[in-house]
Amino acid sequence: MNPVFKDLANAIRFLSIDSVQKANSGHPGLPMGMADVATVLFKYYLRFNPKNPNWINRDRFILSAGHGSMLLYSLLYLTGYKSISIRDIKNFRQLNSICAGHPEYEKNSGIETTTGPLGQGLSNAVGLAIAEEILKKKFGSSLINHKTYVIASDGDFMEGISHEVMSLAGHLKLKNLIVLFDNNKISIDGSTNLAVSDNYKKRFESYGWSFQEVNGHNEKQISKAIKKSLNSKKPNLISCKTIIGYGSPNKSGKASAHGSPLGEKEVDLVRKKLKWKYKPFEVPKEILSEWRKIGDKGINQEKKWNNIFNKKSKKIKDEFSRIISNKLPNNFDKLLEEKKKKFFKLKPEIASRQSSANVIEEITNSLPELIGGSADLSGSNNTKTKHSTILKPSNFNGNYIHYGVREHGMAGIMNGMALHGGIIPFGGTFLIFLDYCKPSLRLSALMGLKVIYIFSHDSIGLGEDGPTHQPIEHLTHLRAIPNLNVFRPADIIETLECWEIALKSSTNPSVIVLSRQKIPFITETLVKKNMSSMGGYELKKTNSNPNVTLIASGSEVQIAIDALVKLKTANIDSKIVSMPCQELFDKQPREYKEKVIEKNSKKISIEASCVFGWEKYVGSEGVSLGLKSFGKSAPGQKLYEDFNLTSDSVVKMAKKMLDN
Ligand SMILES: Cc1ncc(C[n+]2csc(CCOP(=O)(O)OP(=O)(O)O)c2C)c(N)n1
């Protein structure tokens with residue numbers, strides 16, 4: 001047997017149908033519909049090496065429509081990735097199988113990103129394409145020059161995030177981005193004309209994309225369109241008209257093919273219709289070997305690249321290897337130590353967003369991989385400094401991205417840049433607009449990516465903009481997300497420390513929340529140790545056996561300091577715990593935690609935020625000062641008084657607790 005194109009595509013179709021059938025759950029429609037497009041892409045265009053899935057100059061392939069995960073698993077198995085065996089395929093959707101319900105990012109596996117929430121993959125792809133341009137500019141096209149391919153579905157393009165990122169991609173002219181649209185006009189509820197009447201051609205062209213349309217089951221047409229897009233000067237959208245569930249006599253073209261097993265009888269009928277004589281999970285030797293040959297092409301491609309790399313100077317090789325392997329420069333610790341000393345000497349009384357800007361300014365020139373940005377709040381988030389150079393379509397030589405008012409897109413793009421490797425992205429907005437980017441932030445945490453979120457205007461302290469802009473439940477919300485560090489530094493020393501931890505966290509994202517208003521300098525003594533790395537630490541006390549422990553974060557540490565002085569004049573001894581990061585404090589040994597939060601003292605927490613969550617520190621007999629309602633529009637200081645977030649309230653509470 002001499003396998004032809006359709007045999008290769010049908011191998012994807014049947015692995016997908018049979019796995020979904022065996023798992024009794026999953027989505028057969030997309031892999032059946034897009035098998036031809038994917039086969040053309042992998043057979044003729046995609047540059048990848050299954051023997052080294054991490055080859056940095058590989059083309060990236062993103063399945064944005066993650067529900068069609070079996071398409072990806074089939075391709076990885078067929079082309080010879082070690083990460084996915086036929087046993088894994090048979091274990092689709094079972095406990096601990098790499099073939100999870102939706103693709104879950106795993107380094108070295110060929111699964112480039114986690115998808116499932118529609119639209120996210122598209123945003124990641126835009127980030128990957130930006131990362132490619134940035135690194136190409138830094139190291140030259142002989143080292144970095146690859147495409148980012150995406151398969152996206154109707155649902156991907158209905159999501160708001162797709163508008164944000166495709167608009168930015170068009171603006172930046174990301175010519176190496178090629179999106180293959182599974183234009184089958186079917187979603188879960190039925191025909192997409194129930195909800196959409198967009199003119200896609202006009203939509204994409206108005207973003208500044210090139211648009212082509214092909215029959216997604218015609219090898220030649222698909223191939224010609226991809227070929228044409230290779231030389232485009234714009235991002236590329238290839239609308240592939242496909243039939244969902246292609247090959248199923250009773251379900252193709254219908255929503256019933258989308259998200260449930262076809263059923264034994266229908267699977268038999270597909271076998272007959274597509275003339276596939278093989279048993280479930282059987283891929284004939286000749287077909288498998290043809291697919292493996294496709295995978296093996298990458299070995300030589302990578303070899304050629306290695307030869308080019310090896311001829312580069314030691315300096316270039318070292319720097320390239322450093323940033324690709326996510327290592328900070330050798331002298332970085334020393335630099336931070338010097339800056340800490342400098343800040344301690346200066347003792348600036350500034351908003352923590354300004355402290356963060358000072359830190360960024362001091363580290364930028366030593367970290368070329370640091371790529372900042374903001375969703376149109378650069379001046380407010382203080383993410384842009386005098387060392388920021390703007391990334392422009394004609395010039396990717398920058399280190400700062402104006403994301404426009406696109407918080408969700410910014411977060412998804414940062415995930416893509418982090419996934420690419422060689423870039424540490426940070427991006428800013430107001431803490432309140434966490435609500436506008438949370439789905440992507442959650443995926444940063446789920447994937448364990450080093451992405452740094454700078455959220456300023458962190459409380460009612462922002463004042464006059466009022467309750468629409470004053471975060472209340474946001475810190476609690478962030479702290480509930482697994483694998484995420486949430487920092488709320490109290491002065492410039494803590495801000496530097498929090499940045500240091502974020503830059504050194506290679507398996508989790510970080511959020512640094514910052515005040516709009518000026519806050520005092522609170523660090524008492526200069527120590528080499530990163531005190532924030534314990535999450536919470538003793539800042540000050542009036543006696544070794546204090547009656548009261550005051551626990552505060554960020555701008556409220558000063559309220560605790562004032563309260564300590566007032567309590568002392570009332571003959572009450574107290575201590576202050578500064579708690580910049582609850583997640584890190586929770587990880588400390590019990591003895592440390594009990595020592596810091598004095599077991600036998602009365603405990604009061606102070607944070608201008610929802611009080612939910614603080615009970616784990618203050619206990620059932622403690623008190624949490626915070627907010628239980630939305631904020632108000634007024635000057636910040638007035639609001640602190642109005643909400644009883646004052647040192648006098650703390651003193652009153654402490655006295656009441658001690659009297660009882
Ligand atoms: C953000 C988000 N909302 C909802 C869903 C649930 N969902 C999964 S697929 C899908 C739509 C399916 O339509 P389409 O994207 O056209 O995929 P196809 O039916 O062609 O496979 C929906 C709503 C999701 N995965 N992500």
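The values are calculated or read from the model by the stated rules, or taken from the named source; none is laboratory data. Every value quoted in this text rests on a predicted model; they were computed, and no experiment measured them. Quick reminder, even Gly has a Cβ in these numbers, built from the backbone with ideal geometry, and neighbours come from all protein chains shown. Protein only, heavy atoms only, side chains kept; ligands, DNA and RNA dropped before computing areas. Shrake-Rupley method; radii C 1.70, N 1.55, O 1.52, S 1.80 Å.
A few remarks follow.
- All positions within the stretch 552-598 that are closer than 19 Å to residue 619 by Cα, surrounded by fewer than 23 Cβ atoms within 10 Å (Cβ to Cβ) and of a type in the set (D, E, K, R): 583, 586, 587, 590, 591, 593, 594, 595, 598
- Scope the stretch 219-261; condition among the hydroxyl-bearing types (Ser, Thr, Tyr), surrounded by fewer than 24 Cβ atoms within 10 Å (Cβ to Cβ) and farther than 24 Å from residue 201 by Cβ; matching residues: 252, 256, 260
- Strands (runs of 3 or more DSSP E) fully within the stretch 357-431 that include at least 2 residues being surrounded by 24 or more Cβ atoms within 10 Å (Cβ to Cβ) and touching a residue at least 24 places away in the same chain (Cβ under 8 Å): 370-374, 424-430.
- Candidates 618, 623, 611 - the one that is hydrophobic (A, V, I, L, M, F, W, C), within 35 Å of the chain's Cα centre (by Cα), closer than 20 Å to residue 546 by Cα and open to solvent by less than 70 Å² (accessible area, probe 1.4 Å): 618
- Any hit, the stretch 135-150, residues being open to solvent by less than 10 Å² (accessible area, probe 1.4 Å), within 11 Å of the ligand (Cβ to nearest atom), within 26 Å of residue 69 (Cβ to Cβ) and in contact with a strand residue (DSSP E or B) (Cβ under 9 Å, 6 or more places away or on another chain): no
- If the condition is being touching a helix residue (DSSP H, G or I) at 6+ places or on another chain (Cβ under 6 Å) and either open to solvent by 30 Å² or more (accessible area, probe 1.4 Å) or not in a helix (DSSP H, G or I) (or both), then the stretch 263-289 contributes 274, 276, 280, 281, 283.
- The stretch 489-511: number of residues that are buried (at least 24 other Cβ atoms within 10 Å of the Cβ), part of a loop (DSSP other than H, G, I, E, B) and in contact with a Leu (Cβ under 7 Å, 6 or more places away or on another chain): 1
- Listed here are the helices (runs of 4 or more DSSP H) enclosed by the stretch 24-94 that have at least 2 residues being more than 25 Å from the chain's Cα centre (by Cα) and crowded, with 23+ Cβ neighbours inside 10 Å: 29-40, 69-79.
- Output for the stretch 310-321, where each listed residue is part of a helix (DSSP H, G or I) and surrounded by fewer than 18 Cβ atoms within 10 Å (Cβ to Cβ): 310, 314, 315, 316, 317, 318, 319, 321
- Within the span defined as the stretch 20-43, one or more residues are at positive phi, in contact with a helix residue (DSSP H, G or I) (Cβ under 7 Å, 6 or more places away or on another chain) and within 16 Å of the ligand (Cβ to nearest atom).
- Number of residues in the stretch 158-197 that are near the ligand (Cβ under 8 Å from one of its atoms) and open to solvent by less than 10 Å² (accessible area, probe 1.4 Å): the value is 1.
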